[in-house]
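The values are calculated or read from the model by the stated rules, or taken from the named source; none is laboratory data. Since this is a predicted model, take the numbers as computed values, not measurements. Every residue, glycine as well, gets a Cβ built from its backbone with ideal geometry; the counts of neighbours run over all protein chains shown.
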Amino acid sequence: MTNAISTATITPDEVLCADSEEFVISLVLGEDYTASASRLVFDFSSMLGTSCPTRYVNEASGYVELYCDNPLVSYTIRCWDLDLSDFAQKGRSPSREAQRMVVVDFDEGLKAGDSLALHWGETLGGFGPGAKVTSVVPRPESYGHINVRYFDDVEAGIPDFGFSWAGSPRPVPQQEIELRYRVLPRAPRRLRLYRKHNRALLAPYDVFWNIADVDDASHLVSGPLPSCRNAQGVFEYADKNVQIASRSLPMTTTPTFENVHEGHNVYWGDLHTHSIYSIDCIQRARMDMRPAELMDFAKDRQALDFFAVTDHHQPQSEVKRHLGEDFWSRTMEDVRSCHRPGEFVVFPGFEYRARRGDTVVICNWEGEYADIDQPGWTDIRELWKSWEKRDYMTLPHFHSPGGLPEGEWFQNPDPSKEPALEIFSDHGSYEREDVVENGRALCKAFRSDRCGVHFLKNGYKYGFVANSDDHKGHVGVNGITGVYAESLDRDSLLAAYRARHTYGTSNARIRLLFTANGKLMGSILPDTAEKSFFIDVVGESRLKRIDVFRNGDLHQMLVPDGVAFRQEFAVQDTGPDNWYVRVTQMDNHVAYTSPIWFE
C-alpha cells in the first residue's frame, strides 16, 4: 500500500445536524507522493441540506479553499459536476445536487512532509457562512463521508461518476482515505404516539424528524413508562391503548385503526422509496441506506405496516440505469428477511421510467433478476404485455410527467393491475394545479393532464394514494397511504388497492372514512336519484376544513370544530358522477380519499 498521504484528519469530527461549520481536511504527504504533477480528488456526500462544495461564489455556503505550505508549488482547484459530466464553470449553472467532487491539480514539486488543508465552508476571515450540514440523521449512528483520492497523474481520476457499472469502471486511485464526521440529532422538539394494532410507539422527534437521542422517557411524558427503547431510538409500549401526557413538548397521538369499516382495519404504508442502489442516490447524494435499513426504519421509527423499496430500473436504457443483478438479489434477500405477515409486510418492487412518465411497479412475488431484465420494455405497455399473467400492480406518479403528447395516456387493459395514482409525495400535491396547503414548490414540473382531477374529469377510474418517493433515508415521512384491508398480508393489501379502498395523506395518521350508499371509497355504484354520503374523520390535530368534490369540482366545504368530525348528508342528483373528500388539518397536513363513482 502506498504512503503518498501519511496522515489525514477532518475537524470537527462531530457536529449537530443542520449546523453550519468550517470543516478542515488536513493532509500530510508521505514518502511515496510523486514529485511530478499530481491530482487529489475530494469526494463529498450531498445528502439533503448538505452544502455542495463550490468555487462559484465565495460568499456561498460550501465554498472551498486550499492551503498549501509549500510556496514553490502551483495548483488549480475545480469542482466536478457528475450530472453535467464537466467541471463547473462561469456562465453555466451547476446541477442541483451533483457538484460533489473537488479536484485539485498540482504542478510538480510536492514532497514528503508537505501539509495541505482543504477548507470546506471557508469562512473567509468572517465573511463566509461555512458549510451547511445535512438535516437528515437516518440511523442512530450517522456519518458524513469525504473520500480523499490520490492520483500520480493529472490526466487520471476524471471523468468520475461516483460508482462503477458494467463497461465503465470507476477510476482507481493509488491511495484512498475515507474521512468521517458524525452527525448528531438535535434536542427533541415534538412527540408522536403511534397506536398500532399490537403495540404503541413513542417517537421523540427533533425539528427535522430525526429521532432525538433520549435514554429516559420519564422527563418527556407522565404516565406509564415504556417497556423498551428499540434499535431506532423509539420507545415502545406493550399496551397499545396506553394513556400518557407530554410534560412540556407538543405531542400528537394517532387514532386507533381497528375495525374502522365492516371489519376492515386501516393499515399504513409507503410503496415508493429509494436506497443506495438507485442511480441518483449513488451518483448525486451518496445516500448510503440499504434496503434492509430502510425497512427497519419504516417499521420501528415510522410505525408503518407495509413497505417497498423501489429503486430505479430502466432496462431499455444505458447500463448504468439498470438496477443490476447484484443489487436486485441483495434487495430480495432483504425483502425475505424483513417480511413478516401480520406484523410488517414488505413488497418487492422497482421504479420504471419511459415515455409515459414514472411508474412504481409492485410485485406479489420474490422474483429473479431475469423477470425484470427486459430490454424490450420500451414503454410501460411492453411491461404490461410481458407480465400479463403475473401478479403485480403499477402506480404512476407525475412530478416527472414523461413525453407523451398533451392529453395522451397509456392505460393498462386490466384495471386491477393499475388501480391508483400517486397524487402526493415529497414533491408535493398532484391532486390539481391550484393546491394551497401542502402544494408544490415552484421548481416542480406540472402538466394539467397529469393530476388526479384531470383523470376524474376524463372518465378514468383511479384511486388516490400517497408515497414518500424518499431518496434521503427518511421513508414514510412525506406521503403515506392508508389502506382498508381485512388482514396484514400481501394478498389482502393488494386486494384493497385493487378495490381502491385507499386514501393518501401528507404524513398525518388521519382516520378517514368516506362512504356512499353504505359503500367504501373506491367503489363503483349504480346511479341513484338520491345519494347518501357519510364522512367520519379523526385527526391527529385540530381539523381546518373538509372539502367534498363532485366530478373534480368543489361541491361543499364543511368546517369542523376540533380533531373529530362526523356527518351524514344526502344529495338529490341524477346522472353519472364521482365524489371524493379532502381533509385539511390546521397544521396543513392533508388527506385525500379515493373517489366513489356512480354509473
Being under 28 Å from Ala217 (Cα atoms), assigned to a loop (DSSP other than H, G, I, E, B) and in contact (Cβ under 8 Å) with a residue 40 or more places away in the chain, is that true of even one residue in region 269-287? no
Among the residues of region 562-599, how many are of a type in the set (D, E, K, R), closer than 18 Å to Thr254 by Cα and outside any strand (DSSP E or B)? 1
If Ala285 satisfies all but one of (1) closer than 27 Å to Arg180 by Cα; (2) out of contact with any strand residue (DSSP E or B) (no Cβ under 9 Å at 6 or more places or on another chain); (3) not acidic (Asp, Glu), what's the number of the condition it fails? (2)
Looking only at region 255-276, how many residues end up being small (Gly, Ala, Ser), surrounded by 20 or more Cβ atoms within 10 Å (Cβ to Cβ) and over 28 Å from Phe163 (Cα atoms)? 1
Which listed residue is within 30 Å of His264 (Cα to Cα), in contact with a strand residue (DSSP E or B) (Cβ under 9 Å, 6 or more places away or on another chain) and touching a residue at least 12 places away in the same chain (Cβ under 8 Å), from Leu193, Leu220, Leu184: Leu193
Can you find a residue that is more than 28 Å from Pro12 (Cβ to Cβ), in contact with a Cys (Cβ under 9 Å, 6 or more places away or on another chain) and modelled with pLDDT of 95 or more anywhere in region 184-192? no
Among the residues of region 19-49, what is the count of those that are at pLDDT 95 or above and under 31 Å from the mean Cα position of the chain (by Cα)? 11
Just the residues that are more than 23 Å from Asp83 (Cβ to Cβ) and among the small types (Gly, Ala, Ser), please, taken from region 284-328. Ala292, Ala298, Ala303, Ala308
Within region 232-261, track down each residue that is among the β-branched types (Val, Ile, Thr) and assigned to a strand (DSSP E or B). Thr252, Thr253
Hey, Tyr352 hits all of (1) more than 26 Å from Arg336 (Cα to Cα); (2) among the hydroxyl-bearing types (Ser, Thr, Tyr); (3) in contact with a His (Cβ under 7 Å, 6 or more places away or on another chain) but one; which does it fall short on? (1)
Find all pairs meeting these conditions: Cβ atoms under 8 angstrom apart; at least six residues apart or on different chains; first residue within region 169-180 and under 7 Å from Tyr150 (Cα atoms); second residue in a loop (DSSP other than H, G, I, E, B) and of a type in the set (Ser, Thr, Tyr). Gln174/Thr2; Gln175/Thr2
Tell me yes or no: at least one residue of region 504-517 is surrounded by fewer than 18 Cβ atoms within 10 Å (Cβ to Cβ) and not aromatic (Phe, Trp, Tyr). yes
Give the residues of region 415-458 that are over 23 Å from Leu494 (Cα atoms) and of a type in the set (S, T, N, Q), sorted by residue number. Ser429, Asn438, Ser448, Asn458
Residue list for region 534-563, filter: touching a Ser or Thr at 6+ places or on another chain (Cβ under 9 Å) and either among the polar types (S, T, N, Q) or closer than 22 Å to Phe455 by Cα (or both): Ser541, Ile546, Asp547
Any hit, region 494-501, residues being of a type in the set (Gly, Ala, Ser) and under 26 Å from Val436 (Cα atoms): no
If you scan region 550-584, which residues turn out to be within 18 Å of Glu437 (Cβ to Cβ), among the hydrophobic types (A, V, I, L, M, F, W, C) and buried (at least 16 other Cβ atoms within 10 Å of the Cβ)? Leu558, Val563, Phe565, Val581, Val583
Looking at Cys68, Cys79 in this structure, which one is closer than 27 Å to Asp280 by Cα and free of Cβ contacts under 8 Å to residues at least 60 places away in the same chain? Cys79
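Okay, residues lined up against (1) crowded, with 17+ Cβ neighbours inside 10 Å; (2) more than 29 Å from the chain's Cα centre (by Cα); (3) among the small types (Gly, Ala, Ser); (4) under 28 Å from Ala18 (Cα atoms):
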| position | (1), (2), (3), (4) |
| --- | --- |
| Thr134 | yes, no, no, yes |
| Gly144 | yes, no, yes, yes |
| Arg149 | yes, yes, no, yes |
| Glu155 | no, yes, no, no |
| Gly167 | no, yes, yes, no |
| Arg170 | no, no, no, no |
| Pro173 | yes, yes, no, no |
Given the residues Lys417, Lys444, which is the only one that is within 16 Å of the chain's Cα centre (by Cα) and either among the charged types (D, E, K, R) or not assigned by TED's automatic domain parsing to the domain that holds Phe307 (or both)? Lys444
